[in-house]
Every structure is written in C-alpha cells, then in structure tokens.
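This report concerns only the one structure given below.
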Amino acid sequence: MSVKADEYVAMPQTTANFAPPVAQVQPVTHRNHGDERVDNYHWLRERDNPAVLAYLEAENNYTEAMLAHTEALQETLYDEMKSRIQETDESVPVAHGDYFYYYREEKGKQYRIYCRKKGSPDAEEQVLIDLNLEAEGRDYLRMGNFSVSPDHSLLAFALDTDGSETYAIQVKDLTTGDLLPDRIENTYYGLEWGNDNRTLYYTTLDPALRPYKLHRHRLGDATSDDEVLYHEADERFFLRLYKAKSERYIFCALGSAVTSEVHAIDADDIDGQPIMVQPRVQDMEYFVTHHRSGTREERFLILTNWDADNFRVMAAPVDAPARENWQELIPHSPEVMLDHIEPFQDFLVVWERENGLTHIRIQDLHTEAFFSGEDSSFHRVEQVEPVYTVSHGQNPEFNSQVLRYRYTSLVSPPTIFDYEMKDRVRTLRKQDEVKGYDPAAYTTERIWASAVDGVRVPVSLVYPAELERDGQNPCLLIGYGSYGMSYDPHFSSNLVSLLQRGFVVAYAHIRGGGEMGRHWKEDGKYLKKRNTFTDFIACAEAIIDSSYTSPGRLVISGRSAGGLLMGAVANMRPDLFAGVVAGVPFVDVVNTMLDASIPLTVIEWEEWGNPADPEYYRYMKSYSPYDNVEAKDYPAILATAGLNDPRVQYWEPAKWVAKLRVDKTDDNPLLLKTEMGAGHFSKSGRYDYLEEVALEYAFILDTTDSASLSDWSSGR
C-alpha cells in the first residue's frame, strides 16, 4: 500500500521547533544471492505519489528553516559572486566561413544571446537565438545542440525545458528569421548537417533515455518518415554523433564504458549509408576522425587503446579502414596519456596528459614523414605556470594554422589563447575579468598523499598567500574519482568568496579519475573501487597532517559519482570531516545497479560491475552509502537532488537522508534540497545558479564557524 500525502512523516515539521520531516517506514525486502536487504524507503521512488512530493517539499522547507539564520550571509555571498562577474560580456568571435560567431550576455538576463557578424568582427550584428526569449514562462532551459548548416543559411538547435536532458530540435531560417515547421522530439546531444544543407542527422532515446537510434531527416518531410540509419540494440552502448573538421564525414560512434565501434557516413551523399570502420572488440576503444590535404591521400586518423593502455594514434585508408590496415603514427607511451586528437590540414593537435598535467602537442603534417610512420617535427606548447589546465577551444576551420585553446589554473581566470602552430606564437585573446580579484594574493601548489597501498596521490591546493599553517584554517576538499574523468585544476570566481575568508581549497586527484593515465582509472573501478574512497581519505589526512586544516574545520564536496564518494567516506571516516556537501549523489548503488530500467544502469555495469554477479554484488554492497548507514555520529550534511534528474534519480539522496535521519546519533544538521523543476545540472539561469552556490557556501561557512570571516585577505 502506498503512503498517503498526509502520513509521509512520523512527526509534524514546523519551523518553530525545527523538527525535521521523518519519512514513513514501509519495508520492502530485496533478496539477492542469498542475501536480504530491507529497504524502508523504497516508496520514495513513486514519483507521481503526492506523498513523495509532499515529503520532498517538507525537506525543502526544513532546509530553508535550518539555514534561515544564514539568509543575510547568503545574500552577501550572492552579491559578492555576482559583483565579480562581467554581467554584460561577449565571447571571443570564432571565424567560420564568411562569419564570426559569438555569444554575449547582458546585465540582468539569465541566458546567453547567440550572434554572428558577416565579413568582419566589426560588422552589423545578427542575433541567431536569444535564449532569454526562449526561456520566458519557463523555470528551466538548456540548449543541447547548436549547429549551423554548411552554407550558414540555417540554424538547427535543440532545447530541454525541464532538466530531463530530452531535447526538441527546431530549425531557423537565418535569412528570414522564421522557424521552419520541422520539429523533432525525444532527441539527445548530437546533431549534424549533411553537406546539401537540407539534411539533418540526429539521435533519439529509448525508454531508459539511452541514445540508440540514428535518424536522417530531410527538411520539409514529416518526422515519421525519417529514415533510421542505425539502431543499437545492445543496452550497454550509447550512440554519439559528430562531424569531422574536414566536413567530409559524419561519424556515428557507439560506445559502452570500455568498447567502441564507429561508422562513417559520407556527408556529401544524402542517400549514403553508414560504413563500419572497425567491428567492436570487447575492451577495445577507438575514436575516428578524417584528414585530407590537397592531393594527399585521404585517411582516417584513429586514437585507440588497442595494445596501448594510454592510447596511440593510427591511420587507415578510408576505403579499407578495418584494424588489419591500421598504421601506427604515434606509439604508445607508459608515461603519456593521449586524451584526444584534432586534425587540421597542416597540423595534428594531440591533447596529452603526463604526471597529472595537461599538454598540447603540435605535430607538423607538411611532410609525408609523419604519415610514413616516422615521428618527426613536433613540439609541445609551453605554458606560463607550473600547475595549470589546457583544454579545447572552438576551431571549426580545417585549413587554419591557428589553434584556439583555453587555459586556466587555480589562480588564473579562464583565458583564451590563439596559437600560431607554424610560427609558435601565442596571442592572448581574452581573460575573464574578475572584479576585485588579485591573483597575487593567493598561492597554489601541489602536494602528494600516500594511499594505503603506498601509491602517491596528487592534491592541488590554493589558499591566501598570508596563510599560516597552524591547523586552524577552514578547508574545502573536492573530489570525484570515476569514469576516468579528470578533475583538473581550474579557476572559480565563486570560490574566491571562500578564499577571502581564509579557506584552503583543495582538489583530490584520486584513482578512478584519469589524471595520471589509464591505469589511474582502472585502479579505481570494478573490484578496486574502494581505492577511490581510501585515496580521498588519505588526501584529507595529508592536508591535516601538513597543518593546513583540522577535522573540525574540514568540509568535503562532490557531485554525482563524487556524491557517492561523499557518502562512502562519510560512512568510513565520519570523524575526519566537519561537513559534507553531496550534490545529486549516487548513493543507492546496489538498488540502482540492479534496476536495468533506470537510465545509465546497463552501460555502467562496465564501470561498477553487474550485481547479478555475486562477487560484484557483495563488493558493491560493502561501500554503497545507503546500505552502510550506521547508528553513529556523522558530520553535518547538505544533500541536493533534481526531481527531473535522469542521471541520478532524486530518490537516491532522498532515501539516503531519510535513513540517516533515523539512524545517526548526532545533532549535526542533515539537510536535503530538491530542485522540483530541474535535473542533474541544477538551475539553468546564471543568476539562479548563484543562489544555489550561495546556499552551499553559507552551509560550509556555518559548519566551519567561518561565517564571520570576511575580507580576510587583501584579495578583495
């Protein structure tokens, strides 16, 4: 029997006595491999049950009441963060064809306005799409695709209006400004034009919100008549779509967590069918793009882990691209991870990672030496700080000799550079202005923690230059550690509000991520997942042992799979932390991974393991935060959720908080805030988002008794 809306709590919740909502216990017993788990809050999965919505609203009200004493602080933080941003701003124009494309933001408006100018950056502006107009009357808006036709006459774009990451495609005539009648629902990221300027390629979602079909749409035709070019039946595989910079091929990339298969579509042939590059081989990953230069032979360039843990670069003829015809161009290195390749007509850009730092390698393609397998004429782009992050900029022109890239560090705001690959000259195009911020007022460094098995784990730190290492400084330690995703050092103008109050901000580059190469990922997944959690604990201990902070002044934070990290380490070492911020946390691991109907579950069996296997089940249960809540003291906890989140269902943090509410033995705050009209990425408006950050920071400052520390450093 379902819980009714008026009986979801065991005691009334009022702001007068701050009595928390206590979810009704309705036991459901799960039996797997001879093991029984009693789930008292399984009913919170009933999304349409009024009692569930009432419970979530009650938790929101309780969070608001418990943080009411920080309202003035939240307003101060919001005003600080807003004051640092350039509210009226414009991106660096990107040259593409005869146009310069850019976006701008206007003071007081939540969303970007996308524009272009023809012939010159000083020409008359044409507004392509104003997302502020699209957002009118909506609580949420996110653009997932923005694709201009090859002749620059049409714009195809896709919008999500509720946070579910399900997008509707529309097409705008950029000559008249009118929307075409073509509208395609239930689509995902990935939208490309055929070279006839009338054909669109897009992907659609299955009931588990997995992109699984590739479609071809001709403008003016009914969407029901759209041809299905590919249907991926294996639930482990997602379908991704992208176009080569050369514009010669569109690629349909199929990927599980560990295996790839790519099909190439001739973008000039509007009736062409996908051609397989290389059939999938379990645990073999590869990425394909295309290169051509004048009369030189066309090639597919391939980045692959085939016999290369850290990946290598291969070439294949376009008419016979299978693996037996691959030729090695850049060999595997045990020290250097190859993250991505980006070919221009005369240069190949290789995005590399070595010893925890990102690098840009420029390979000269002017001669045939490289394509004959000789590693000739390459260099790395020198950077200006010892610890930094470089990443892709927008480079749509295949025949350009200039690479645009992004640069940042823990003290350097995001910066756009143009780099002349032939002459090796770097030009600063823009650095984000951060009002009232002086980078000289802060120090950044990297230290190393010793994991329980002796592995050295890097930790990046930033803190006020005048800081004394007396163990009394408040500290925020951030982590993720999953999917091989790297949490690279980057600047956040919002974090300046903590730095100015004397905080040490630290990033734990733990196993499960990709900072130190592919082995770093492999040593933090499957039956080695606990390394992620013990690494993070070791990082916290290293910071404490080095007298940067102390347990009573240390708050930790992570989102999504980083929220799993938060829940796991809170169970393992609750004494080590004063507070925990768990954003949309993946904390109900066993139940989610047993339910193939939940988005992402099947594909993630190759990250966490499939609990249908008893060994994986027992290992997963040993660290699943929800299954390991105990009757003991926990740190103060703020958890967040999104009702429409397709990646981490809202009920995971809701169930976790409900169980903690009953079992924990301390009086520390336990708060849940659910965005009732958003998804995994929280609120979409830039000002609305700052309100959420202000609330989280107020919780952090309150937890570390730092709320009264303002203007601590000279950086303001």
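The values are calculated or read from the model by the stated rules, or taken from the named source; none is laboratory data. All of these numbers come straight from a predicted model, not from anything done at the bench. A quick note on method: Cβ atoms are made from the backbone with ideal geometry, for glycine too, and the neighbour counts reach across all protein chains shown.
Some notes on this structure:
- Some residue of segment 127-138 being farther than 18 Å from L191 by Cα and in contact (Cβ under 8 Å) with a residue 40 or more places away in the chain: yes
- Residue in segment 61-76 that is out of contact with any Leu (no Cβ under 9 Å at 6 or more places or on another chain), more than 22 Å from A641 (Cα to Cα), surrounded by 20 or more Cβ atoms within 10 Å (Cβ to Cβ) and touching a residue at least 24 places away in the same chain (Cβ under 8 Å) present: no
- Those strands (runs of 3 or more DSSP E) lying entirely in segment 33-111 with at least 3 residues within 30 Å of L128 (Cα to Cα): 94-96, 99-105
- Flag for D627 being touching a Pro at 6+ places or on another chain (Cβ under 9 Å), surrounded by fewer than 24 Cβ atoms within 10 Å (Cβ to Cβ), acidic (D, E) and within 30 Å of L701 (Cα to Cα): no
- Where a residue in segment 24-50 is closer than 14 Å to R618 by Cβ and in contact (Cβ under 8 Å) with a residue 60 or more places away in the chain and its partner, wherever it lies, is hydroxyl-bearing (S, T, Y) and surrounded by 13 or more Cβ atoms within 10 Å (Cβ to Cβ), with Cβ under 9 Å and at least six apart: N32/Y617; H33/Y617; D35/Y617
- Residue list for segment 439-487, filter: over 24 Å from L701 (Cβ atoms), of a type outside the set (S, T, Y) and in contact with a Lys or Arg (Cβ under 9 Å, 6 or more places away or on another chain): W448, A449, A451, V455, V457, P458, G481, G484, M485
- Candidates T204, T259 - the one that is polar (S, T, N, Q) and under 22 Å from M143 (Cβ atoms): T204
- Qualifying positions in segment 293-318 - surrounded by fewer than 17 Cβ atoms within 10 Å (Cβ to Cβ) and modelled with pLDDT under 95: G294, T295, R296, E297, E298
Quick grid of which residues meet (1) farther than 30 Å from V349 by Cα; (2) under 27 Å from the mean Cα position of the chain (by Cα):
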site: L205; (1), (2): yes, yes
site: P211; (1), (2): no, yes
site: L214; (1), (2): no, yes
site: L239; (1), (2): no, yes
site: R248; (1), (2): no, no
site: L254; (1), (2): no, yes
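- Verdict on P474 being at pLDDT below 95 and crowded, with 23+ Cβ neighbours inside 10 Å: no
- When G524, G512, G517, G484 are screened for being at positive phi and in contact with a Ser or Thr (Cβ under 6 Å, 6 or more places away or on another chain), only G512 passes.
- Inclusion of R116 among residues that are basic (K, R), touching a residue at least 12 places away in the same chain (Cβ under 8 Å) and surrounded by fewer than 16 Cβ atoms within 10 Å (Cβ to Cβ) is not warranted.
- Residues (part of a loop (DSSP other than H, G, I, E, B) and touching a strand residue (DSSP E or B) at 6+ places or on another chain (Cβ under 9 Å)) located in segment 601-627: I603, P611, A612, P625
- Segment 512-524 - residue that is in contact (Cβ under 8 Å) with a residue 60 or more places away in the chain and under 18 Å from the mean Cα position of the chain (by Cα) and, of those, surrounded by the fewest Cβ atoms within 10 Å (Cβ to Cβ): G514
- In segment 427-441, residue nearest to V92 (Cα to Cα) [restricted to those that are aliphatic (A, V, I, L, M) and exposed (fewer than 14 other Cβ atoms within 10 Å of the Cβ)]: L428
- Among residues of segment 656-689 being among the hydrophobic types (A, V, I, L, M, F, W, C) and over 27 Å from the mean Cα position of the chain (by Cα), the one that is farthest from E165 (Cα to Cα) is V662.
- Of the helices (runs of 4 or more DSSP H) lying entirely inside segment 512-585, those containing at least 1 residues that are among the charged types (D, E, K, R) and closer than 30 Å to N305 by Cα are 518-522, 530-545.
- Test for E692: is it closer than 20 Å to R647 by Cβ, surrounded by fewer than 19 Cβ atoms within 10 Å (Cβ to Cβ) and touching a strand residue (DSSP E or B) at 6+ places or on another chain (Cβ under 8 Å): yes
- Options S391, S412, S400: the member that is hydroxyl-bearing (S, T, Y) and farther than 30 Å from A465 by Cβ: S400
- Here is the figure for segment 77-116: residues that are closer than 30 Å to V402 by Cβ and touching a helix residue (DSSP H, G or I) at 6+ places or on another chain (Cβ under 6 Å) total 2.
- Within segment 424-443, residues that are under 18 Å from M81 (Cα atoms) sit with their Cβ atoms under 7 Å from residues that are among the hydrophobic types (A, V, I, L, M, F, W, C) and part of a loop (DSSP other than H, G, I, E, B), at 6+ positions apart or across chains, in these pairs: P439/V411; A441/A465; Y442/V411; Y442/A465.
- Restricting the first member to segment 361-381 and to residues that are more than 18 Å from H340 (Cα to Cα) and modelled with pLDDT under 90, and the second to residues that are exposed (fewer than 14 other Cβ atoms within 10 Å of the Cβ) and among the aliphatic types (A, V, I, L, M), the beta-carbon pairs closer than 9 Å and six or more apart or on different chains are S376/A369; S377/A369.
- Per the listing L338, L365, the residue uniquely more than 18 Å from R424 (Cα to Cα), surrounded by 18 or more Cβ atoms within 10 Å (Cβ to Cβ) and not charged (D, E, K, R) is L338.
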